[in-house]
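Since the structure comes first, as structure tokens, the remarks are kept for the end.
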Amino acid sequence: MRWQVTKKDTVTVSDHPKHSNPDTLFSDPLRAPGPFRFDSDVVSVFPDMIRRSVPGYETVIAMSGLLAGRFARPHSHVYDLGCSLGATTLSMRRHIEVPDCVIVGIDNAAAMIERCHELIALDAGSVPVELREGDILDSEIANASMVVLNYTLQFVTLERRRELLARIADALMPGGILVLSEKVVFPDASLNQLNIDLHHDFKRAHGYSDLEIAGKRDSIENVLVPESIEQHRQRLAEAGFSSSDVWFQCFNFASIIALK
């Protein structure tokens with residue numbers, strides 16, 4: 001479905017309190033956390049959860065929009081893979097000024113796509129947005145000037161990550177760009193533990209208790225599988241990208257730009 005709206009009020013996913021409940025999903029000491037899922041419970045608190053859990057999240061989203069303003073081309077697609085509630089989609093929408101460019105947001109969580117439709121409909125942007133519910137591993141990617149994977153590849157199984165990146169590289173126009181943002185690990189054990197500790201300090205500073213931090217960690221273990229920056233860059237080269245490097249990093253979260 002393609003959405004084009006003309007309402008005057010512009011809304012972002014993260015800056016309006018009506019769009020998120022406080023994240024208390026892991027505050028109950030009697031509730032054993034199961035494997036993390038992007039279900040309706042997570043959707044209801046997602047903006048609060050990601051803002052308090054991912055250092056530098058707002059910067060990555062905002063700069064994804066600026067990059068779209070530079071790299072989006074006329075008569076092309078810009079993809080937000082794993083779009084969740086559409087924060088990156090909305091950011092890019094506000095910066096794209098070229099004609100006949102369509103943003104395609106894809107997510108396999110029905111609850112995410114349903115809420116994303118509602119938020120896109122509240123936005124005043126004129127760039128067409130097409131939202132698809134489906135697995136990014138099986139979705140068509142074509143005629144792309146820019147592709148964004150913000151905190152998405154880490155949920156794809158290791159054995160299929162290169163396949164996905166190769167498909168993205170094939171779909172990108174010459175000079176196109178991939179933005180890849182991920183939680184990362186460090187080869188040096190001491191540095192890795194330091195960045196884990198700093199991430200937990202970040203969460204505490206944003207109001208999470210040790211109980212909540214431990215509950216989320218247990219829930220997401222083996223669901224989110226991070227890799228090192230070096231592993232990501234090597235895979236990007238193998239997938240067909242001409243160059244890549246880190247443009248932003250905060251503790252154990254990093255964002256990489258890869259050029260076709």
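Computed quantities for the displayed model
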| item | result |
| --- | --- |
| The listed residue being out of contact with any helix residue (DSSP H, G or I) (no Cβ under 8 Å at 6 or more places or on another chain) and touching a residue at least 40 places away in the same chain (Cβ under 8 Å), out of 172, 191, 178 | 172 |
| Within the range 215-253, tally of residues that are touching a residue at least 40 places away in the same chain (Cβ under 8 Å), of a type in the set (A, V, I, L, M) and part of a helix (DSSP H, G or I) | 4 |
| Filter result for the condition that a residue is under 23 Å from residue 48 (Cα atoms) and at pLDDT below 95, over 180, 211 | 211 |
| Qualifying positions in the range 38-71 - at pLDDT below 95 and either touching a His at 6+ places or on another chain (Cβ under 6 Å) or in a loop (DSSP other than H, G, I, E, B) (or both) | 38, 39, 47, 52 |
| Count of the range 128-151 residues which are free of Cβ contacts under 8 Å to residues at least 40 places away in the same chain and part of a strand (DSSP E or B) | 2 |
| Of residues in the range 136-156 being closer than 20 Å to residue 110 by Cα and of a type in the set (S, T, N, Q), the one surrounded by the most Cβ atoms within 10 Å (Cβ to Cβ) | 150 |
| Failed criterion for residue 219 (all others in (1) under 23 Å from residue 45 (Cβ atoms); (2) polar (S, T, N, Q); (3) in contact with a helix residue (DSSP H, G or I) (Cβ under 8 Å, 6 or more places away or on another chain) hold) | (3) |
| Within the range 92-151, tally of residues that are of a type in the set (D, E, K, R) and over 25 Å from residue 39 (Cα atoms) | 4 |
| Any chance residue 106 is under 20 Å from residue 44 (Cα atoms), in contact with a strand residue (DSSP E or B) (Cβ under 6 Å, 6 or more places away or on another chain) and either in a strand (DSSP E or B) or at pLDDT below 95 (or both) | yes |
| All positions within the range 62-107 that are in contact (Cβ under 8 Å) with a residue 60 or more places away in the chain, more than 19 Å from residue 143 (Cα to Cα) and more than 13 Å from the chain's Cα centre (by Cα) | 94 |
| The range 199-213, residues that are in contact (Cβ under 8 Å) with a residue 60 or more places away in the chain, surrounded by fewer than 16 Cβ atoms within 10 Å (Cβ to Cβ) and at negative phi | 206, 209, 211 |
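The values are calculated or read from the model by the stated rules, or taken from the named source; none is laboratory data. Fair warning: this is a prediction, and the values are worked out from it, not measured in the lab. Backbone-built Cβ (ideal geometry, glycine too); neighbour counts: all protein chains shown.
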